[in-house]
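Colleague: Next up is a structure, given as structure tokens.
The values are calculated or read from the model by the stated rules, or taken from the named source; none is laboratory data. Predicted, not measured: the structure shown is a model, and the values here were computed from it. Counting neighbours? That spans all protein chains shown, and the Cβs are built from the backbone with ideal geometry, glycine included.
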Amino acid sequence: MDLTGKHVLVTGATAGIGRSSAITLAGLGADLTLLSRNTEKAEALASEIVSAGGRQPTLISMDMAVLDSVRDAARQCLDLNKPIDVLLNNAGVVNTSRVETVDGFEETLAVNHFAPFLLTGMLLPLLQNAPTARIVNVASDAHSFVKSMGFDDIQAVQSYKTFREYGRSKLANILFTRSLAKRLPESITVNCLHPGAVATSLGSQNDGFLSKLLPALLKPFFRSPDRGAETSIYLCQSDEVEAVSGAYFSNCKKTKPKPWAEDDAAAVRLWTISEECVDFSYP
């Protein structure tokens, strides 16, 4: 897909692989809409993109931890009335202790799954208005940390474990991708990806010993945000995946996730729970 003049929405574009993705997509000629919580960082990124010769991005404020903010951002996108060629659901969070959102949900699951589930559903009319469109969900091999969604305590009320909750949220991304692919018209594809271990600010909002120790321990294994963004960019624009939908990618190649990420019964159950939690029903 030639991205020149194509309308591309990116969430979480002010840091890490989201930022690298936005800069690369702008360099490929995309007309960007950046949805982010930090207005100051979004404005600085927009200035950098324009200074490098890119188009002026549209900036929309959105806090993924607040469903009303997601709804408001989606409505602003709808008001633009611009067909969406690519939606890159990139934003994510990992917490070292349980945080509850204003909507009453465990924040890791809320930001990493419920928010993109709602945003994508509300933006479907604009995706359908494009001749062809792509949805790209940033998941992770962290889904291997778990073997199920843990539906009996999906909000981690009874107990909270950092890697387990993050793993469940990434498993949710893959199950969502599988379910959505079956519902979309042929003109829209959806795929998800593992970006690799990326040196980003993910988790930097946390306090405490664990949040400081993890980056130090893992730094030798990290790839740069630019390298971490490669598979996202590949799925956004490569002609090789034009007809591929519902798949999981790593290092720009289609690969099989863990067996529990291909559990269609779990995907259906998660879909039902998600619609109830975000109070939105897909068409």
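Colleague: Name the single residue, out of those in the stretch 250-283 being among the small types (Gly, Ala, Ser) and part of a helix (DSSP H, G or I), that is surrounded by the most Cβ atoms within 10 Å (Cβ to Cβ). Lay out the reasoning, then the answer.
Modeller: Of all residues in the stretch 250-283, those among the small types (Gly, Ala, Ser) come to 250, 261, 265-267, 274, 281.
Narrowing the set further to residues that are part of a helix (DSSP H, G or I) leaves 261, 265-267, 274.
On the way: 261: 25, 265: 7, 266: 19, 267: 22, 274: 21.
Applying the filter and picking the extreme gives 261.
Colleague: Let me ask something additional. Looking for something more than 15 Å from residue 89 (Cβ to Cβ), of a type in the set (Gly, Ala, Ser), over 19 Å from the mean Cα position of the chain (by Cα) and at pLDDT 95 or above - is there at least one such residue anywhere in the stretch 4-21?
Modeller: Yes, the stretch 4-21 contains a residue that is more than 15 Å from residue 89 (Cβ to Cβ), of a type in the set (Gly, Ala, Ser), over 19 Å from the mean Cα position of the chain (by Cα) and at pLDDT 95 or above.
Colleague: Now, a different point. Looking only at the stretch 61-69, decide whether some residue is closer than 24 Å to residue 244 by Cα, surrounded by 22 or more Cβ atoms within 10 Å (Cβ to Cβ), out of contact with any Leu (no Cβ under 7 Å at 6 or more places or on another chain) and touching a residue at least 24 places away in the same chain (Cβ under 8 Å).
Modeller: Pass one, the stretch 61-69, residues closer than 24 Å to residue 244 by Cα: none.
Within the stretch 61-69 (the criterion being closer than 24 Å to residue 244 by Cα, surrounded by 22 or more Cβ atoms within 10 Å (Cβ to Cβ), out of contact with any Leu (no Cβ under 7 Å at 6 or more places or on another chain) and touching a residue at least 24 places away in the same chain (Cβ under 8 Å)), the answer is no, since none of the residues qualifies.
Colleague: Look at residue 164 and say whether it is free of Cβ contacts under 8 Å to residues at least 24 places away in the same chain, closer than 21 Å to residue 107 by Cα, out of contact with any strand residue (DSSP E or B) (no Cβ under 8 Å at 6 or more places or on another chain) and basic (Lys, Arg).
Modeller: Numbers: free of Cβ contacts under 8 Å to residues at least 24 places away in the same chain: yes; closer than 21 Å to residue 107 by Cα: yes; out of contact with any strand residue (DSSP E or B) (no Cβ under 8 Å at 6 or more places or on another chain): yes; basic (Lys, Arg): yes.
When the stated conditions are applied, residue 164 passes them.
Residue-wise test of (1) touching a helix residue (DSSP H, G or I) at 6+ places or on another chain (Cβ under 9 Å); (2) at pLDDT 95 or above.
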site	(1), (2)
80	yes, yes
92	yes, no
96	yes, no
105	yes, yes
121	yes, yes
130	no, yes
137	yes, yes
147	yes, yes
173	yes, yes
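Colleague: For residue 13, which of the numbered conditions (1) part of a loop (DSSP other than H, G, I, E, B); (2) without any contact (Cβ under 8 Å) to a residue 40 or more places away in the chain; (3) buried (at least 16 other Cβ atoms within 10 Å of the Cβ) fails to hold?
Modeller: Going through the list (1) part of a loop (DSSP other than H, G, I, E, B); (2) without any contact (Cβ under 8 Å) to a residue 40 or more places away in the chain; (3) buried (at least 16 other Cβ atoms within 10 Å of the Cβ), residue 13 breaks only (2).
Colleague: Go through the stretch 22-47 and give me each residue that's of a type outside the set (A, V, I, L, M), touching a helix residue (DSSP H, G or I) at 6+ places or on another chain (Cβ under 6 Å) and under 22 Å from residue 93 (Cβ atoms).
Modeller: Correct list: 36 only.
Colleague: Give me the residue from the stretch 24-69 that is of a type in the set (Lys, Arg) and touching a strand residue (DSSP E or B) at 6+ places or on another chain (Cβ under 9 Å) and, out of that set, farthest from residue 134 (Cα to Cα).
Modeller: Applying the filter and picking the extreme gives 37.
Colleague: Can you tell me how many residues within the stretch 229-249 are among the hydrophobic types (A, V, I, L, M, F, W, C) and either surrounded by fewer than 18 Cβ atoms within 10 Å (Cβ to Cβ) or in a loop (DSSP other than H, G, I, E, B) (or both)?
Modeller: 4
Colleague: Return yes when residue 138 is of a type outside the set (Gly, Ala, Ser) and under 15 Å from the mean Cα position of the chain (by Cα) and no when it is not. Reasoning before the result, please.
Modeller: On the way: of a type outside the set (Gly, Ala, Ser): yes; under 15 Å from the mean Cα position of the chain (by Cα): yes.
Judged against the criteria, residue 138 is a match.
Colleague: Can you find a residue in the stretch 198-214 that is hydrophobic (A, V, I, L, M, F, W, C), at pLDDT 95 or above and in a helix (DSSP H, G or I)?
Modeller: no
Colleague: Does residue 108 qualify as being out of contact with any strand residue (DSSP E or B) (no Cβ under 7 Å at 6 or more places or on another chain) and under 23 Å from residue 18 (Cα atoms)?
Modeller: Judged against the criteria, residue 108 is a match.
Colleague: Residue 98 fails exactly one of the following numbered conditions: (1) buried (at least 24 other Cβ atoms within 10 Å of the Cβ); (2) touching a residue at least 60 places away in the same chain (Cβ under 8 Å). What is the number of that condition?
Modeller: With (1) buried (at least 24 other Cβ atoms within 10 Å of the Cβ); (2) touching a residue at least 60 places away in the same chain (Cβ under 8 Å) applied to residue 98, the lone miss is (1).
Colleague: Filter the stretch 70-94 down to the residues that are in contact (Cβ under 8 Å) with a residue 60 or more places away in the chain and surrounded by fewer than 19 Cβ atoms within 10 Å (Cβ to Cβ), then identify the one that is farthest from residue 129 (Cα to Cα).
Modeller: The selected residue is 82.
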